[in-house]
Amino acid sequence: MKITVLGGGPAGLYCSLLLKKANPAHQVRLVERNPPDATYGWGVVFSDRTLAAFQEADYPSYKAITSHFTLWDAIDTIYQGQLIRCGGHVFAGLERKTLLALLQRRCRELGVALEFSTEAPSLEWLGEPDLLIAADGVNSLARRTHEAAFQPTIKQGKARYIWLGAEKTLDAFTFIFKQSEYGLFQVHSYPFSGAASTFIVECAEDVWQRAGLDQADEAVSVAFCERLFAEELRGHRLLSNNSKWISFATLKCAHWHTGKLVLLGDSAHTAHFSIGSGTKLAMEDAIALANAIEQYADLGHALTEYEQARRPVVELFQAAAVESQSYFEHTSRFTSLPPVQFTFNLLTRSKRITYDDLRLRDPRFGDWVDRELASAPDATCAPPAYAPPPLFTALQVGGLRLPNRITTQAIGDAEDQQSASGVGLRLAGVIAIAPDARIHPQSAGLYTDEQAEAWAQFARRCHAAGMALGVTLNHAGRRGATLAPSAAAGATLPDRPLRAGGWPLVSASAIPYAPASQTPHALTRAQMRAISEQFVAAARRALACGFDLLTLHMAHGYLLASFLSPLTNQRTDDYGGALERRMRYPLEVFEAVRHVWPEEKPLAVALNCHDGAAGGFTLDDAIVVAQALKARGCQLIQPLAGQTTPHATLPYGKGFLTPLCERIRAEVGVATLADGYLTTTNEANTILAGGRADLVVLTPLQTTTKG
């Protein structure tokens with residue numbers, strides 16, 4: 001084939017040499033706008049897994065590249081003046097200029113025609129090759145020319161960064177976090193030779209502006225960074241190379257090829273530099289494309305196979321990169337964490353590394369994390385020589401001491417429940433405060449003496465087993481009077497209204513939950529007072545039963561949550577409109593219950609933190625409500641999401657509620673309970689060790705519940 005490659009970066013060079021090696025009869029031409037020795041980066045990073053792929057793809061270039069590597073296996077974090085090292089992270093650094101020179105030499109050995117300092121004004125100027133490979137980066141001429149076919153989307157990041165070098169040799173990948181008079185700055189730095197390191201400085205947009213860096217030229221920016229990080233640089237200079245403060249652009253394309261044109265590397269996708277995968281992904285693209293062309297005679301089939309093979313891999317990396325990028329855009333949220341926990345949170349930010357991974361990579365660091373959490377003020381014990389994993393560390397919530405951080409959620413009435421051993425906190429499920437507050441006819445309640453006696457017996461069994469017991473009080477509101485989920489009925493749709501035996505519903509406004517649902521009555525002020533008294537009466541019963549923790553349900557579209565969300569609250573009185581008025585009634589109920597619930601027993605709230613629907617309640621709203629609840633004595637929040645409307649769009653899956661927990665905990669300073677399909681101790685320990693939550697609901701892989 002006659003093949004033209006547009007772009008002489010690592011992706012284009014590597015793909016060219018692999019194609020020529022696979023079939024010397026190919027006429028491979030590479031066109032690059034810059035001179036052969038020009039580069040605007042410093043170093044590139046590869047993992048050990050990437051190196052194995054390089055070795056198999058082309059051993060001569062692999063051998064040449066690896067002979068120039070600077071190797072390290074540790075990550076250092078400098079935070080609050082303390083250096084914390086975690087080992088076991090095997091990476092290799094290489095000067096970008098050296099990498100390009102090695103790949104260019106290998107291309108020439110194989111007979112690739114290299115044309116440098118050649119600007120292609122248009123794709124037509126390149127002629128009519130059998131295959132055109134666009135490896136011309138995030139600003140790709142080829143992608144822009146055929147934008148309608150590729151359907152790209154580019155999302156600009158919220159932080160600013162400048163890519164610098166440093167005349168300083170490091171022996172580890174180093175993160176530096178530095179508070180200044182303008183705000184927090186952070187550094188991503190790693191070695192790439194025996195004499196220099198990459199030194200990326202990053203900060204939030206508002207910090208960048210306050211520091212005057214939005215008006216600074218290259219020289220002023222370098223001087224500013226040298227002064228700010230003088231202690232860490234220890235007299236070494238920073239280096240620049242057309243370095244500018246920019247925001248990271250995340251590129252995604254709906255399609256990677258059209259006709260005889262295919263995108264490669266950064267022309268098709270980008271992933272934030274904080275996971276160090278840009279060059280790696282691009283060169284792995286080159287391997288996949290060359291393999292597909294070698295394997296399939298039909299070009300269209302080959303390009304389709306290439307995209308199908310690489311897209312899932314790239315999307316996984318991009319998802320991890322988005323998590324990592326978000327972390328660095330909001331690092332200031334986590335600066336209240338102590339240094340070791342801050343470092344653990346940093347290392348597990350992208351969800352690719354877990355508690356078990358870090359303990360395996362560096363047992364010393366894992367022990368350090370365990371000891372730090374066990375000696376935290378809320379852990380109620382002195383610094384131990386040996387500490388259990390985070391999940392089995394004691395926790396103090398208000399006046400309640402829990403032997404561990406394991407929480408289980410039960411469903412059903414008191415007679416349904418078994419007091420399993422080994423659990424720190426058992427949640428008795430969602431309990432109705434009155435007959436007309438039930439979700440369905442079989443809903444558990446706490447409004448009769450018989451119900452209270454059954455719960456009291458269950459509480460005694462839990463206490464005998466060493467567990468604390470919590471209860472969640474709820475009024476179903478407009479989601480009441482529905483058919484109960486039934487195993488016998490199979491896949492019964494949720495929120496199907498009762499055909500007979502129902503009861504009138506109430507809500508913040510007269511808006512039915514679903515088209516077939518009963519239309520609720522908008523509560524009057526007198527009815528609101530009466531329901532508040534029902535919550536108080538149920539709280540008194542819960543206290544008499546021996547419950548150790550009381551939670552008020554303000555989520556999932558139930559009554560109290562219906563006041564919070566603008567989708568369900570369209571009142572025009574003092575309880576509708578702005579958020580301050582919408583949250584007034586839920587806060588009144590909380591204060592009334594707080595008055596009768598003992599201070600030594602925690603009072604908690606299950607709070608919707610996102611409706612998952614346009615125009616609905618948001619996480620920013622939830623933070624305002626959580627701050628108001630904390631000021632009134634709330635000691636624990638269980639973040640929930642969705643179900644305000646029947647068609648919420650949320651990223652349901654393992655741990656999908658954890659980011660909500662993390663932000664509520666960080667910004668409000670209140671303990672949080674993490675839920676969301678968490679089934680393993682590794683998941684729980686990762687959440688707890690990173691300071692993302694204080695308690696974790698573990699969900700059995702298989703559950704059988706009644707009604």
Fraction of alpha-carbon pairs over 44 Å apart in the chain - percent: 36
Potential extension, Ser122-Asn23 segment - 0.36 nm per residue separation minus Cα distance: 32.8 nm
Region 198-255: projected area of the alpha-carbon convex hull, averaged over directions, in nm²: 5.6
Charge dipole of the chain about the Cα centre (unit charges at C-beta), most positive-ward option of Leu263, Ala606, Val596: Val596
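With r defined as the distance between the Cβ atoms of Ala195 and Thr66 and R0 fixed at 30 Å, what FRET efficiency is calculated, to the nearest 0.05? Display every interim value, and only then the final one.
Working: r = 19 Å, r/R0 = 0.63.
Once rounded, the FRET efficiency stands at 0.95.
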Cα principal axis extents for region 28-126, largest first, Å: 56, 32, 20
Whole-angstrom Cα spans of region 145-217 along principal axes, big to small: 46, 33, 22
Angle in degrees between helix 96-110 and the longest Cα principal axis of the chain, rounded to the nearest 10: 50
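Greater than 31 Å separation of Cα atoms is the criterion. Which listed pairs, Lys178/Lys244; Lys2/Lys63; Lys20/Lys158; Lys63/Lys158; Lys630/Lys654, meet it? Spell out each step's value before the answer.
Working: Lys178/Lys244 20 Å; Lys2/Lys63 29 Å; Lys20/Lys158 41 Å; Lys63/Lys158 39 Å; Lys630/Lys654 28 Å.
Going by Cα-Cα distance, Lys20/Lys158; Lys63/Lys158 fall outside the 31 Å limit.
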In degrees, nearest ten, helix 278-295 long axis to first principal axis of the chain (Cα): 70
Within region 583-623, backbone nitrogen closer than 19 Å to the virtual label 7 Å beyond the Cα of Asp574 toward Cβ: 583-593
Within the chain: Cβ-based charge dipole about Cα centre, in debye rounded to nearest 20 (Lys, Arg +1; Asp, Glu -1): 680
FRET efficiency estimate (nearest 0.05) - Cβ-Cβ, Tyr59 to Arg227, R0 35 angstrom: 0.15
Two-decimal Rg/Rh across region 548-676, once Rg and the Kirkwood Rh are taken from alpha-carbon atoms: 0.95
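With r defined as the distance between the Cβ atoms of Gln156 and Asp449 and R0 fixed at 60 Å, what FRET efficiency is calculated, to the nearest 0.05? Let's see the in-between values first.
Working: r = 62 Å, r/R0 = 1.03.
Using R0 = 60 Å, I get an efficiency of 0.45.
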Debye equation applied to the C-alpha atoms of region 251-303, log10 I(q)/I(0) at 0.20, 0.26, 0.28 Å⁻¹: -0.73, -1.03, -1.12
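Assuming 0.36 nm per residue, please report the length gained on full extension of the stretch His595 to Arg364 beyond their Cα-Cα distance. Don't skip to the end; give the middle numbers.
Details: separation 231, 0.36 × 231 = 83.16 nm, distance 4.74 nm.
Roughly 78.4 nm would be gained on extension.
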Over region 85-223, equivalent-ellipsoid semi-axes from the Cα gyration tensor in Å: 35, 24, 15
Simple label model, 7 Å out from Cα along Cβ direction - Arg234 to Ser247, nm: 3.7
Global form of region 78-137, assessed from the alpha-carbon gyration tensor, a/c cut-off 1.5: prolate
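Report, in deg cm²/dmol and to the nearest 500, the calculated mean residue ellipticity at 222 nm for the chain, where each DSSP H run with n ≥ 4 adds -39500 (n - 2.57) and the sum is divided by the residue count.
Details: 22 runs with 246 residues, N = 707.
Value at 222 nm, helices only: -10500 deg cm²/dmol.
Apply the Kirkwood formula to region 611-707: the hydrodynamic radius equals the inverse of the mean of 1/r over all pairs of different alpha-carbon atoms; give it in Å with one decimal.
Details: mean 1/r = 0.0700 Å⁻¹.
For region 611-707, inverting the mean 1/r across all distinct Cα pairs yields 14.3 Å.
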Between helix 449-464 and the chain: long-axis angle, C-alpha atoms, 0 to 90°, nearest 10: 50
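Hey, can you rank 667-678, 640-651 by average C-beta count inside 10 Å, highest first?
Details: 667-678: 21.5, 640-651: 17.2.
Taking the mean over residues of other Cβ atoms within 10 Å, the ranking is 667-678, 640-651.
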Evaluated at q = 0.12, 0.19, 0.20 Å⁻¹: base-10 log I(q)/I(0), Debye formula over Cα of region 509-606: -0.42, -0.93, -1.00
Relative packing of 307-318, 268-279, which averages over residues the other C-beta atoms within 10 Å, highest first: 268-279, 307-318
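Read-outs: derived from the displayed coordinates by stated rules, not from any lab. These figures come from a predicted structure and were not determined experimentally. Note that we place each Cβ from the backbone using ideal geometry, even for glycine, and neighbour counts take in every protein chain shown.
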